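Please find one structure pasted underneath; my questions will follow.
The values are calculated or read from the model by the stated rules, or taken from the named source; none is laboratory data. Since this is a predicted model, take the numbers as computed values, not measurements. Glycine gets a Cβ as well: all are built from the backbone with ideal geometry, and neighbour counts include every protein chain shown.
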Amino acid sequence: MINLNDQYQSNLNRAKKFIVDNDFFRIFSHYDADGISSAVIISKSLRTLGKKFHLSFIGYEDKADVDASGESPLILSDLGAELIDGRKASSALLIDHHMISDQVSGEIINLNPREYGYDGTREACSSTVAFILALNLDEMNSDLFPFFMTGVIGDKQNIDGFNGLNAALVDSFKDRYAAKKNLKLFGETVSEAISLSTEPYFEGLSGNLERSIEFVKKVSIDPESTLIDLGSNDKEKLADALTLRLLKQNVSAEGVDALVGEEFSFAELGGISAGQLSDYLDASGRNGRMGLPVSWYMGNEDAMEEMHKIWQGYRKDVLSQVEKAKKSMKTLRNINVVYEENPSMTGVVAGIVMVYLSDKERPVVAMCRNRSIKVSGRATRDLVSKGLNLSKAISEATLKAGGHGGGHDIAAGGEIPLDREDSFLTILDSLIGDQIGNTEKSS
């Protein structure tokens, strides 16, 4: 186990007692890669102890579902304390890492690492917290390391290496799980992997199989070969050619770093890499099939083929939406705004446009109009280093526009009424200008 400060370890002990003392739990988890990974870790840990549970996946705004869940002991995973009604606080466990806007009731067993001096944006995600708790319950739960890693990757906390609690866990298990440097591309052939790549996003290649085939041929590689088949020289040659293309796109630093890095592969899970599995979890969740990865890990072998098909379709949908978002972009003084048709893709599209397709002086805000307007903002680490905090800006702007929101300094989201788009954007543009020192009014 890793060393934790005394206060955090004390609350982990409270969480362990809470689980040991109860027989049934109502679990709610978010539906992205981190939320699903965390849910797998929690579910498997409870199952090992012979505990029963009912697991549901919800969005950040679905408080009504939690309110209607009855009086059973409650576990929230990758979701905030604001979803917990006061009467449930005394029997609730919070496994989260998002910024905390309000004071959390002392009755809640709160394992959010931010409460104990750890950075929940770069050093620990919900899967990190769930894995630490699982190890405290039983060190045999170390076999859940793959899902700790898929959550970390899903939350992009592996960019520029591992930090904080994530780094401590990786180091603790380095003898059992060793990473190797590799291309972070996934597909049945090299050309398909490039054409389906979203992060990194290769302008002119991503979403275009024919051009990807021609690109691979030009670097003297068989486009029908698999990434596994490539020798070290061919991998290096391909990496150099793709890196050069990204540099010509003027992508942010994290965009270049997304191409090559340390990658974990798990023999006990059929040799799948952590990056690919994280993508499968994310695609399943955003297509409303959140339970599929859980059932696969619990023994449903047929679920893997289905996850792969969902992932392929999801990648194509994302790439199509990115093309539409590029055409819809409008620039205010301090933000770039794009419009998205699918509410489950606003964050993904905003992130791709921010890192790979827009100027790097402004964060990107993606908006999706439905019965209300879903908002997702994404920034770069360089912008955050200059004072940008999207969580604070979007939280305040959505509140003033009659909605709600929050998240991280680098990535945040929310929801506003349909008729408040213009006022929201004006407020947000001004707030971000204040943060980054660009306070003139929007043009």
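Working carefully through the options ILE75, ILE109, ILE132, find the one that is farther than 16 Å from ASN22 by Cβ, surrounded by 20 or more Cβ atoms within 10 Å (Cβ to Cβ) and modelled with pLDDT of 85 or more. Show your work before the answer.
Details: ILE75 fails: farther than 16 Å from ASN22 by Cβ; ILE109 fails: farther than 16 Å from ASN22 by Cβ.
Only one candidate qualifies: ILE132.
For region 112-221, please list each of the helices (runs of 4 or more DSSP H) lying entirely inside it that holds at least 2 residues being of a type in the set (Gly, Ala, Ser) and over 27 Å from VAL349 (Cα atoms). Don't jump to the end; show me each part of the working.
Details: elements: 126-137, 145-154, 164-172, 190-195, 209-218.
Fully inside region 112-221 and qualifying: 126-137, 164-172.
Among the candidates GLY288, GLY270, GLY313, which residue alone is more than 18 Å from ASP34 (Cα to Cα), modelled with pLDDT of 90 or more, surrounded by fewer than 18 Cβ atoms within 10 Å (Cβ to Cβ) and of a type in the set (Gly, Ala, Ser)? Before you say what the answer is, go through the steps one by one.
On the way: GLY288 fails: more than 18 Å from ASP34 (Cα to Cα); GLY270 fails: modelled with pLDDT of 90 or more.
Criteria check complete, one pass: GLY313.
Kindly evaluate ILE153 against the criterion of being crowded, with 23+ Cβ neighbours inside 10 Å, hydrophobic (A, V, I, L, M, F, W, C) and closer than 30 Å to SER38 by Cβ.
Working: crowded, with 23+ Cβ neighbours inside 10 Å: yes; hydrophobic (A, V, I, L, M, F, W, C): yes; closer than 30 Å to SER38 by Cβ: yes.
Considered against the rule, which asks whether it is crowded, with 23+ Cβ neighbours inside 10 Å, hydrophobic (A, V, I, L, M, F, W, C) and closer than 30 Å to SER38 by Cβ, ILE153 comes out as yes.
One line per residue, one yes/no per condition, for (1) under 18 Å from the mean Cα position of the chain (by Cα); (2) of a type in the set (D, E, K, R):
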residue: GLY164; (1), (2): yes, no
residue: LYS180; (1), (2): no, yes
residue: GLY187; (1), (2): no, no
residue: VAL190; (1), (2): no, no
residue: SER195; (1), (2): no, no
residue: THR198; (1), (2): yes, no
residue: GLY204; (1), (2): no, no
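Run TRP296 past the list (1) buried (at least 20 other Cβ atoms within 10 Å of the Cβ); (2) assigned to a loop (DSSP other than H, G, I, E, B); (3) not acidic (Asp, Glu) and report the number of the one that doesn't hold.
(2)
Scanning for something among the aromatic types (Phe, Trp, Tyr), surrounded by 14 or more Cβ atoms within 10 Å (Cβ to Cβ) and either in contact (Cβ under 8 Å) with a residue 60 or more places away in the chain or not assigned by TED's automatic domain parsing to the domain that holds THR426 (or both), does region 326-340 turn up at least one residue? Walk me through how you get there before you give the answer.
Of region 326-340, the ones among the aromatic types (Phe, Trp, Tyr) are 339.
Still in the running and surrounded by 14 or more Cβ atoms within 10 Å (Cβ to Cβ): 339.
Those still in the list that are either in contact (Cβ under 8 Å) with a residue 60 or more places away in the chain or not assigned by TED's automatic domain parsing to the domain that holds THR426 (or both) too: none.
No, there is no match, as no residue in region 326-340 is among the aromatic types (Phe, Trp, Tyr), surrounded by 14 or more Cβ atoms within 10 Å (Cβ to Cβ) and either in contact (Cβ under 8 Å) with a residue 60 or more places away in the chain or not assigned by TED's automatic domain parsing to the domain that holds THR426 (or both).
Which condition number in (1) under 18 Å from GLN249 (Cβ atoms); (2) without any contact (Cβ under 8 Å) to a residue 60 or more places away in the chain is the one that ALA412 fails?
ALA412 satisfies every listed condition except (1).
Another question about this same structure. Test each condition in (1) surrounded by 15 or more Cβ atoms within 10 Å (Cβ to Cβ); (2) acidic (Asp, Glu); (3) closer than 23 Å to TYR314 by Cα for GLU210 and report the one that comes out false.
If we test GLU210 against (1) surrounded by 15 or more Cβ atoms within 10 Å (Cβ to Cβ); (2) acidic (Asp, Glu); (3) closer than 23 Å to TYR314 by Cα, just (1) comes out false.
Only one of (1) buried (at least 17 other Cβ atoms within 10 Å of the Cβ); (2) without any contact (Cβ under 8 Å) to a residue 60 or more places away in the chain fails for GLU199. Which number is that?
(2)
Go through ASP160, ASP171 for me and flag whichever is acidic (Asp, Glu), under 17 Å from the mean Cα position of the chain (by Cα) and not assigned by TED's automatic domain parsing to the domain that holds LEU205.
Numbers: ASP171 fails: under 17 Å from the mean Cα position of the chain (by Cα).
Exactly one residue qualifies, and that residue is ASP160.
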